[in-house]
Structure formats: structure tokens, C-alpha cells
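A quick write-up on the structure given underneath.
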Amino acid sequence: WDGLLKKAEEEGYSIELLEEAGLIIRKEDKTYDRFRNRVMFPVHNLTGKVIAFGGRILTQGQNSKQGKQPKYINSPETELYNKSKILYGIFQAKQAIRKEDNCFLVEGYTDVISMHQSGIHNVVSSSGTALTEDQIKLIKRYSENVTVIFDGDQAGIKASIRGIDMLLEGGLNVRAIALPDGEDPDSYARQLGTSSFSHFIHE
């Protein structure tokens, strides 16, 4: 509950700063870590500095004391982090986007990581939030071309169609890849293996 809090206090960080950074939560009589029992995804800004985190739950199912936990939680907005203005993976992808003159747009953190592991580096994610005008402008700085890869379920297709409309309004050239029903880029990359997945994407 307070592993990060204790360590940070030992290192000389104030509770106020940790709360402002969105790393701890303070309630009447309790102070505890926001991201407990989670695998962490650091979110970098364009210069490579970590400005926020996404956390995916490690323990599935019901926990009587805590109730049902959301699968993902993200850092709250801070002075450093405005989620509508950043894309997950943009720092790592920007050179590849420029070089390939195309940006793959996916939904989640693990989708970006799996595609990197499959040798596709020009990929970013809106991190589970609806696409914004600022994010579209950010892509446009590096390429006029976007390929949207949406999850192969109704919700994924619906979200992608909304995103595609916005990308077109933003003046980008848009292509879309539909995955088989029930698959996302992460699961499908792992199912097919690196070279087959890469071949599927390029075909």
C-alpha cells in the first residue's frame, strides 16, 4: 500500500509533491500509493522525460477489501502531463515515423510494445483515451500518413471510426487495418510471431 511513499520519503520527497505528481492518494486518515499491484508503463514527453504513468493490474478478480479494481489506471493531469496533448510511445517512435513517412495508431500500451518487439517502431497509442485534435497535430509534425489498427471487436471498430473521422478532418491521409474478431495488435502479434505479424501489417 505504501512502498513507493516510504521509499520516496526516505529519499527526501515531500508528501505534497508526491500527491501533486499523482503518485500517491491522500484521504482523511489514509495516504497510499496510487499504483499498487500494477505493472507500470512510463509515459515520456517528446524529449524523453517521464511525465506520467499507466498501470495495469497484476491480480485479476474480486478483492473483498478493495472491491473490483479497474484493469488500467493512469496518472491524473498535472502541470507536466496533459493527456490530450501526448501520445504513448511518441518519443521512441518519432524518428521511425519520419523515416517511414507513416504512423501506426493503436489503442493500448501493450499494443505499442508488441509492435516494437515485432520490428515495427513507427507506432503510437492514444492510451485508451479518445483521440484529440492536439494528438493529431502531434502526428502531423512527423508524417501526413496514419494507419489505424483497431481491435477486432465492435467497441474497437466504433472507436476507430470516430478517430478516422477526426484524422481526416485534421488533413491526414488515413488507412485502416482490421484485425480478426476478438484480437488486438498485442494478442495478434504474439499469436502470429514477429515475421508473420510484420508481413500481415505490411500486406
Kindly provide the set of residues from the range 149-191 that are polar (S, T, N, Q), farther than 22 Å from D101 by Cα and open to solvent by 60 Å² or more (accessible area, probe 1.4 Å), ordered by number.
Q154, Q191
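To keep it simple, each residue is scored yes or no on (1) assigned to a strand (DSSP E or B); (2) charged (D, E, K, R); (3) on the phi > 0 side of the Ramachandran plot; (4) surrounded by 17 or more Cβ atoms within 10 Å (Cβ to Cβ).
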{"residue": "K6", "(1), (2), (3), (4)": "no, yes, no, no"}
{"residue": "Y13", "(1), (2), (3), (4)": "no, no, no, no"}
{"residue": "L17", "(1), (2), (3), (4)": "no, no, no, no"}
{"residue": "I25", "(1), (2), (3), (4)": "yes, no, no, no"}
{"residue": "Y32", "(1), (2), (3), (4)": "yes, no, no, no"}
{"residue": "M40", "(1), (2), (3), (4)": "yes, no, no, no"}
{"residue": "V43", "(1), (2), (3), (4)": "yes, no, no, yes"}
{"residue": "L46", "(1), (2), (3), (4)": "no, no, no, no"}
Of the criteria (1) open to solvent by 90 Å² or more (accessible area, probe 1.4 Å); (2) more than 23 Å from R162 (Cβ to Cβ); (3) among the acidic types (D, E), which one D101 fails
(1)
Cβ-Cβ distance below 7 Å, separation of 6 or more or different chains: which pairs start in the range 1-25 with a residue that is closer than 18 Å to I51 by Cα and end on one that is assigned to a loop (DSSP other than H, G, I, E, B) and of a type in the set (D, E, K, R)?
G22/R34; L23/R34; I24/R34; I25/R34
Listed by first then second residue, the pairs whose first member lies in the range 146-157 and is touching a residue at least 24 places away in the same chain (Cβ under 8 Å), whose partner is among the acidic types (D, E) and part of a helix (DSSP H, G or I), with beta carbons under 8 Å and at least 6 positions apart or on separate chains, are I149/D111
For K94, indicate whether it is open to solvent by 60 Å² or more (accessible area, probe 1.4 Å) and of a type in the set (D, E, K, R).
no
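Does K85 satisfy being open to solvent by 90 Å² or more (accessible area, probe 1.4 Å) and in contact with an Asp or Glu (Cβ under 8 Å, 6 or more places away or on another chain)?
Details: open to solvent by 90 Å² or more (accessible area, probe 1.4 Å): yes; in contact with an Asp or Glu (Cβ under 8 Å, 6 or more places away or on another chain): yes.
Criteria met by K85.
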Test result for S127, under 16 Å from the mean Cα position of the chain (by Cα) and at pLDDT below 95:
yes
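May I ask you to say which residue of S143, S195 is small (G, A, S), open to solvent by less than 20 Å² (accessible area, probe 1.4 Å) and more than 19 Å from the chain's Cα centre (by Cα)?
Working: S195 fails: open to solvent by less than 20 Å² (accessible area, probe 1.4 Å).
Selected residue: S143, the only one of S143, S195 that is small (G, A, S), open to solvent by less than 20 Å² (accessible area, probe 1.4 Å) and more than 19 Å from the chain's Cα centre (by Cα).
Provide a single number: the residues in the range 135-160 that are assigned to a helix (DSSP H, G or I) and either at pLDDT 95 or above or aliphatic (A, V, I, L, M) (or both).
So in the range 135-160, the residues assigned to a helix (DSSP H, G or I) come out as 135-140, 154-160.
Filter again for either at pLDDT 95 or above or aliphatic (A, V, I, L, M) (or both), leaving 135-140, 155, 157, 159.
Number of matching residues: 9.
The values are calculated or read from the model by the stated rules, or taken from the named source; none is laboratory data. Computed from a predicted structure; not experimentally measured. Note: ideal-geometry Cβ built from the backbone for every residue, glycine included; neighbour counts use all protein chains shown. We work out accessible area using only protein heavy atoms, side chains counted, and drop any ligands, DNA or RNA first. Shrake-Rupley method; radii C 1.70, N 1.55, O 1.52, S 1.80 Å.
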